[in-house]
Every structure is written in C-alpha cells, then in structure tokens.
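Taking it in order: structure first as structure tokens, then the write-up.
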2 protein chains.
Amino acid sequence: MLRFGYDIGGTNIAAGIIDENNCLIAKDSVKFPRGEGSEAVIADCAGLYKAILDRAGVAADEIAGVGVAVPGSVNPEAGLVIDAHNLGFHHTPLATLLEAVLFKPVRLVNDADAATLAEHRIGALKGTRTAMMITIGTGIGGGLIINGTLFGGGRGNGTEPGHMVLCNGGRHCTCGIDGCAETYCSATRLAKDGASFGKATAKEVIEAAKQGNADALELFKAYIDDFGSYIASIINLLDPERIAIGGGVSGAGDFLLKPLRADVARKCFFETCPEIVVASAGNDAGIIGAGLIVS
Amino acid sequence: MLRFGYDIGGTNIAAGIIDENNCLIAKDSVKFPRGEGSEAVIADCAGLYKAILDRAGVAADEIAGVGVAVPGSVNPEAGLVIDAHNLGFHHTPLATLLEAVLFKPVRLVNDADAATLAEHRIGALKGTRTAMMITIGTGIGGGLIINGTLFGGGRGNGTEPGHMVLCNGGRHCTCGIDGCAETYCSATRLAKDGASFGKATAKEVIEAAKQGNADALELFKAYIDDFGSYIASIINLLDPERIAIGGGVSGAGDFLLKPLRADVARKCFFETCPEIVVASAGNDAGIIGAGLIVS
C-alpha cells in the first residue's frame, strides 16, 4: 500500500505519496495560510491531497493512511496538536479534522521526530539501534532512536535538545533560560556574532572562515568548541552509535565535520567516539517521515 | 531461587543473598585488598560467599547465580572488567575468575547501573518506564531506565552523566575537559568552595546553610542553580517520568529538594516537570542491584 505524508511548516505545507520502498513518488506544496485559522489549513491540505493523487494517477483506496508532521508538541494517541506556535495551533484536534475530509486514518508526529525517522529508515542513521539526529537552524531540533525505534520522550513530550544547558548562566535563550545549547550552537548564533564584522548569516560567516577571514575563523573556532561540547554531552549520557547533523549549517560539510569530530573525540568520555555524519534524507525528510508513521 | 550479589568498591567488598522478593536476607563485607592483585580479590570474594551462605544456612544449590557490581566499565557478554581504576582492574576477566571458584554463572554490571536497577525494582523509581538515577558523591554517577529496562548505553558503555558539559570552558574536570557537570554538582564542589569560609565537607556546608550562615547560603544557592540546570538538561533531552537523587548530598532531604524542584520547574521546557525524589533503596542498593542482574 502507499502512504501519504504532510510536512506542515509556518511557511509551506508540503505533501507527498511514499511507496513500499519509502520512496517519494509524487509531491507538491502550497503556502501556509498564515492567520486564516485551522479551517483554511484543512481546506489547503484536502486540496493538496486531491491534486497530488490526481497528478500521480493514484486512487484514494491505494492510500493506507496519512501522517502529518508539525513543528510543535503533539499527542498522537488523541490526534491533538498540543502547541504549534508557528501554525497558530493550540490544542487543535488536527487528526480528527483531517480524517473528516480525507476519509483516511491520520496520525500526527513532531517534525523533528519525522525527520529522525526518515534518517533512520532511508538516510544517515540507517542500520543504527541508538542514534541521534540534530538539526541546526534558527534554533535546534532533534530526535532520538533508542533500541531501534523512535523515542518519543518518557512522557510523550519528545525531545528538546536545544534546551539542554551548555553554559549555565550564559547567553539568554528565547525560552527564558540563560545558557541553552541553542544560543551557542544554532545558525542564529553564527549570524548574531558575525554581525560584528559585517556578516549577516551563518552561511556568510562560514564562507568568510573558509576564505581565511580572521574574525570569521575565530568565531568558527569558538562555535566548534561549543558544538563539540554539546555533542559530547549527549554522547556521554547516551553512548549512541551515530549522530547525524542536519539543517543549513551541515551544508558546510567537512569544513564543519573535521574539526567537530576532533573536538568531540577529545571530549568523549568513552574509549571510542561515535560516528558524526551529515544527515542525508534531504529536504523531503519531513514528508517521508510523516508517511513512515502510518502503520 | 536465591541470588548472590557482590558490590566491589575501592574500600570494601560487600556481598549478600537476595530472595525471590528482592530482599537482602544475609550480608557481610571485607576490606578491599588494595594493591594485592586480582587473585587476592577472588580469594576474598570466595571467602565471603562461603561465610554468608554458611551463616544464613543456605546451600550452594539454592543460589541461581551471582551478580557483581564494579565501579568502572564492563563488558557483561565477555565477562570482562574493561577498566575499574579504583580496583586496579584493566581488561580483567572477572566473571571467569569468579566462576572458577564459585561454580555459578557470574554476570558483571557497572555499580551505578546496579544501584539504578535496585531503585527501579524496589526503590524510588519503582513503577516508572523512563527514569534516571543520579548519585552525587565525590563525582557523579548515574543510570537510565528506558522503556522499562536498564539502558546500558547505545554501544554498551553505559552512561557517564557527570561528564555532560554544564558550563563549557568552566571548571577543570579530572577527565581533562573544562566545564563538566561533575565539577559543579558533586559533593566535591561544595567542599572545595566551602573551604574559603572554613567548611571542609559538603555536609558541613549544608549544615551551615541550614543554620543561616551567609557564605554557605550563597554557595548553596549557586549550587542549586547549577544542579537545577543540569537536571533540566537531562529532562529536556529525555522527558523522563522521574529522577531519583542518591549519594551523600541527597541526605539534605527537603532542604535540597524544595529549592531544586522549583529551579528545575522553571528551566524544564515541557508543560509539566517530572518528579524529583530522593533515592530509597539504601546503602545495599549495589548488592541488591548486582543480585537483580542474575536472570
């Protein structure tokens, strides 16, 4: 059977069909109807579903079920989005609302967990039983594979690795606490610190560092030290086999990975250090991961 | 069937018999034969085994197996102590050596994991599926229960929660890294900082704080802030149901727990905060946990 996945973000709603081999066989996206309420979101999702199935020549009865990835906390059993700030969803019964228009079972998943699932099934975490996905963007997201399956948190809240404390009492985080890893290891940190020497984005900072700019190199070195300590913290707690890094900053490839691996190896408490790799499931990991949660 | 457990420490070798209800029905201990090599340890273990069985009136064929908790890294499958610095054991085939004198199957476990198992089966973590035990002593030890069972690390190395980084670049840790949680949250930190106002131990610092000593109160407040951020880091990553705190510092009871819970509640990213409790399996948790790993 085929499965249908949605990746609902604050900018776009992306969706697609995945086949038995977990390959995306058709996809499309529309702009997220910001400020128009959940009814508009449901209508757009229904339209996207029909358009993608039509274009792919897939009949509705070929679809086993629908998975939906959202950037926020969800209760999959109740089919509830507890809180997805960027979507304006608060205690929204999204699964029930979608089931009423799609006539299919709908299951929700946090977007970072969906990406982790995709990495585990078809990407950089394939073959691992205990591993972590860390996405470095404006903030930090992530997901954990423990004993071969997605770990949704001990109480079902998922994981919020960006809010591990890396420098207690340090930089102020949007969550209200001082010293969260997110304030040191996100792309935002590189952009913020890069402003002092005229760089506006993490990408510009990394490019400047690659070209030997002294300010950018100094910042990048401090970033590697922070990021390395952050990853070492997770390793020393969970002893994972592999850590995959996704998000824009991971695009720096070996320029990031080589010094990062060396830093983590020094700080890892165990005799050998887990593998640190770049995520490979790509931009559609959210859609694919959403499709993968359909049982 | 009955089970026999050893808790081998750098000071004492403690051992005992546990029954079907996981109760310790007989126990004894001898001094650890420091510097006399593994043969002396094996001889002492054998003597302790015979003495305890004799005194309890238990025949050897009533013992199903033997568990051994050691302060270090172990490979239970190979029956090997990889490294237990305090015991002078390095790649020591302890299980095989003991099996040769006890004529019973012997299984090894890290001592912090043994204590965690005891808390989970008979102590403060009873009834949980995802929980953490943190022991605050000279250093910091701990163990994780995930999905209802002891989590021995993704690669079998266990957990080293004392070496999560809490203040990157901060206080120098014995492991060589600057900023490990151990340097901020251990009893050693309280003793070290207390020296500046004439207190020699964590207990003395806590007693002075209880009595309103301004220096001690200031130190204790900083300690709670560090300890709270440390626990919040673990919560934000794993979302556990409950965290149990053991070791000498936990003897401070509500004087520690009340401000600690308030601090963690503030720093916890989720809507509700997991329970934070004092470990309750007692001083024999190591022996009992060792017995519990006998299948």
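The values are calculated or read from the model by the stated rules, or taken from the named source; none is laboratory data. Note that this is a predicted model, so its numbers are computed, not measured. In this analysis, Cβ positions are derived from the backbone assuming ideal geometry, glycine residues included, and neighbour counts consider all displayed protein chains.
Considering only residues in the range B:230-246 that are small (Gly, Ala, Ser) and outside any helix (DSSP H, G or I), the one that is nearest to the other protein chains (Cβ to nearest Cβ) turns out to be B:244.
Within the range A:217-226, can one find any residue that is touching a residue at least 12 places away in the same chain (Cβ under 8 Å), more than 7 Å from chain B (Cβ to nearest Cβ), within 30 Å of residue A:122 (Cα to Cα) and not hydroxyl-bearing (Ser, Thr, Tyr)? Yes, the range A:217-226 contains a residue that is touching a residue at least 12 places away in the same chain (Cβ under 8 Å), more than 7 Å from chain B (Cβ to nearest Cβ), within 30 Å of residue A:122 (Cα to Cα) and not hydroxyl-bearing (Ser, Thr, Tyr).
Taking residues in the range A:74-101 that are outside the structural domain of residue A:139 (by TED's automatic domain parsing), and partners anywhere that are part of a strand (DSSP E or B) and modelled with pLDDT under 90, the pairs with Cβ atoms closer than 7 Å and at least 6 places apart or on different chains are A:82/A:73; A:83/A:73; A:90/A:83.
Scanning the range A:142-176 for residues that are within 15 Å of residue B:273 (Cα to Cα) and touching a residue at least 24 places away in the same chain (Cβ under 8 Å) yields a count of 5. Considering (1) out of contact with any Leu (no Cβ under 8 Å at 6 or more places or on another chain); (2) surrounded by 23 or more Cβ atoms within 10 Å (Cβ to Cβ), say which one residue A:187 fails and leave the rest. Every condition holds for residue A:187 apart from (2). State all residues of the range A:134-148 that are closer than 18 Å to residue A:165 by Cβ and more than 9 Å from chain B (Cβ to nearest Cβ); if no residue qualifies, say none. Hits for the range A:134-148 are A:134, A:136, A:139, A:140, A:141. Could you please let me know if residue A:131 is among the small types (Gly, Ala, Ser), touching a Pro at 6+ places or on another chain (Cβ under 9 Å) and not assigned by TED's automatic domain parsing to the domain that holds residue A:232? No. In the condition set (1) farther than 16 Å from residue A:45 by Cα; (2) part of a loop (DSSP other than H, G, I, E, B); (3) away from chain B (no Cβ under 14 Å), residue A:104 is compliant with all but (1). Do we find that residue B:72 is among the small types (Gly, Ala, Ser), touching a helix residue (DSSP H, G or I) at 6+ places or on another chain (Cβ under 8 Å) and within 14 Å of chain A (Cβ to nearest Cβ) in this structure? So residue B:72 passes the test.
Scanning the range B:159-178 for residues that are surrounded by 20 or more Cβ atoms within 10 Å (Cβ to Cβ) and at the interface with another protein chain (Cβ under 7 Å from one of its Cβ atoms) yields B:159, B:160, B:161, B:163, B:164, B:165, B:166, B:167, B:168, B:177.
Here residue A:293 clears all of (1) over 30 Å from residue A:95 (Cβ atoms); (2) more than 14 Å from chain B (Cβ to nearest Cβ); (3) of a type outside the set (S, T, N, Q) except the condition numbered (1). Which one of these is charged (D, E, K, R) and either at pLDDT below 95 or not in a helix (DSSP H, G or I) (or both): A:204, A:271, A:218? A:271 is the lone residue from the list that is charged (D, E, K, R) and either at pLDDT below 95 or not in a helix (DSSP H, G or I) (or both).
Screening residue B:83 on (1) modelled with pLDDT of 95 or more; (2) touching a Ser or Thr at 6+ places or on another chain (Cβ under 7 Å); (3) within 23 Å of residue B:144 (Cα to Cα) shows it passes everything except condition (1).
The residues of the range B:54-73 that are free of Cβ contacts under 8 Å to residues at least 40 places away in the same chain and either assigned to a helix (DSSP H, G or I) or charged (D, E, K, R) (or both), listed by number, are B:54, B:55, B:56, B:61. State the number of residues belonging to the range B:111-133 that are more than 11 Å from chain A (Cβ to nearest Cβ) and more than 20 Å from residue B:81 (Cα to Cα). Qualifying residue count for the region: 11.
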